[in-house]
Amino acid sequence: DAGVIQSPRHEVTEMGQEVTLRCKPISGHDYLFWYRQTMMRGLELLIYFNNNVPIDDSGMPEDRFSAKMPNASFSTLKIQPSEPRDSAVYFCASSLWTSAISYNEQFFGPGTRLTVL
Amino acid sequence: SQKIEQNSEALNIQEGKTATLTCNYTNYSPAYLQWYRQDPGRGPVFLLLIRENEKEKRKERLKVTFDTTLKQSLFHITASQPADSATYLCALDGTGGGNKLTFGTGTQLKVEL
């Protein structure tokens, strides 16, 4: 498997523009997580899905952020309108929960570095 | 609210020595704790998991301890090598379960020749 795939790897945009980040999880994984990482705040969970259903979006900073998972192999994180304070690295991660293991090792993608000017 | 603390200062050690990183947490009793490694420009990579009923876990040169009384985990790398230089993150299962993790801010380790 190629691992978690994210695109684009780098995105530079101007304030007010719409930004869409994309993620393809590892095939067969039933959990998908979106994180944001900054020097000041570290790695923060924004939202996560289980079987394509959003379970917890309490980390989404505000209404400008939205996430969807239309099927098991694709998810998007959208920021509209973008602001300079949204500049960060955004990671997507996926995992498979099994009762035999009963823990959640997460597999991360390479991240998307977003710069909002 | 749940709080996780890792030493924000970089840890510099000499090759061959044992590196020890600390993860402290408050206001929570996690069922398990995980350690991840992150290299510059890459996503975190899972290293080890330790459960609340385990005192110690080993994997090759890595050793993790978990003291639920002190609310602390220690992460050791023995016989450290320059290739071990990276940022190490601890993560706790989130409050309310649901398979989400809360990460510490990480400690940067630099192993010098």
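The values are calculated or read from the model by the stated rules, or taken from the named source; none is laboratory data. Here the structure is a predicted model, which is why all the values come from computation and not from measurement. When we count neighbours, we look across all protein chains shown, and the Cβ atoms used for this are built from the backbone with ideal geometry, even at glycine.
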Selection from region B:8-66 of residues of a type in the set (Phe, Trp, Tyr) and in a strand (DSSP E or B) yields B:25, B:32, B:35, B:36, B:46, B:66
All conditions in (1) within 14 Å of chain A (Cβ to nearest Cβ); (2) surrounded by 12 or more Cβ atoms within 10 Å (Cβ to Cβ); (3) on the phi < 0 side of the Ramachandran plot are true of residue B:106 except (3)
Filter region B:1-32 for residues that are within 17 Å of residue A:95 (Cβ to Cβ) and either within 10 Å of another protein chain (Cβ to nearest Cβ) or surrounded by fewer than 15 Cβ atoms within 10 Å (Cβ to Cβ) (or both); the one that is nearest to the chain's Cα centre (by Cα) is B:32
Item to complete: Return a yes/no flag: does region B:76-94 have any residue that is more than 24 Å from residue B:2 (Cα to Cα), touching a residue at least 40 places away in the same chain (Cβ under 8 Å), in a strand (DSSP E or B) and of a type in the set (Val, Ile, Thr).
Response: yes
Within region A:27-41, restricting to residues that are out of contact with any Leu (no Cβ under 8 Å at 6 or more places or on another chain) and surrounded by fewer than 22 Cβ atoms within 10 Å (Cβ to Cβ), the one that is farthest from the other protein chains (Cβ to nearest Cβ) is A:27
In region A:47-69, anything at pLDDT below 95 and among the β-branched types (Val, Ile, Thr) is listed as A:55
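For (1) under 23 Å from residue B:37 (Cα atoms); (2) in a loop (DSSP other than H, G, I, E, B); (3) among the acidic types (Asp, Glu), each residue gets a yes or a no:
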{"site": "A:16", "(1), (2), (3)": "no, yes, no"}
{"site": "A:22", "(1), (2), (3)": "no, no, no"}
{"site": "A:37", "(1), (2), (3)": "yes, no, no"}
{"site": "A:40", "(1), (2), (3)": "yes, yes, no"}
{"site": "A:49", "(1), (2), (3)": "no, no, no"}
{"site": "A:55", "(1), (2), (3)": "no, no, no"}
{"site": "A:78", "(1), (2), (3)": "no, no, no"}
{"site": "A:81", "(1), (2), (3)": "no, yes, no"}
(Q) For region B:7-16, check the following and say yes or no: at least one residue is in contact with a strand residue (DSSP E or B) (Cβ under 9 Å, 6 or more places away or on another chain), modelled with pLDDT under 95 and closer than 20 Å to residue A:104 by Cα. (A) no
Quick check: anything in region B:48-55 hydrophobic (A, V, I, L, M, F, W, C), within 14 Å of chain A (Cβ to nearest Cβ), within 25 Å of residue A:88 (Cβ to Cβ) and in contact with a strand residue (DSSP E or B) (Cβ under 8 Å, 6 or more places away or on another chain)?
no
ask   = Right, residue B:3: farther than 28 Å from residue A:5 by Cβ and touching a residue at least 24 places away in the same chain (Cβ under 8 Å) or not?
value = yes
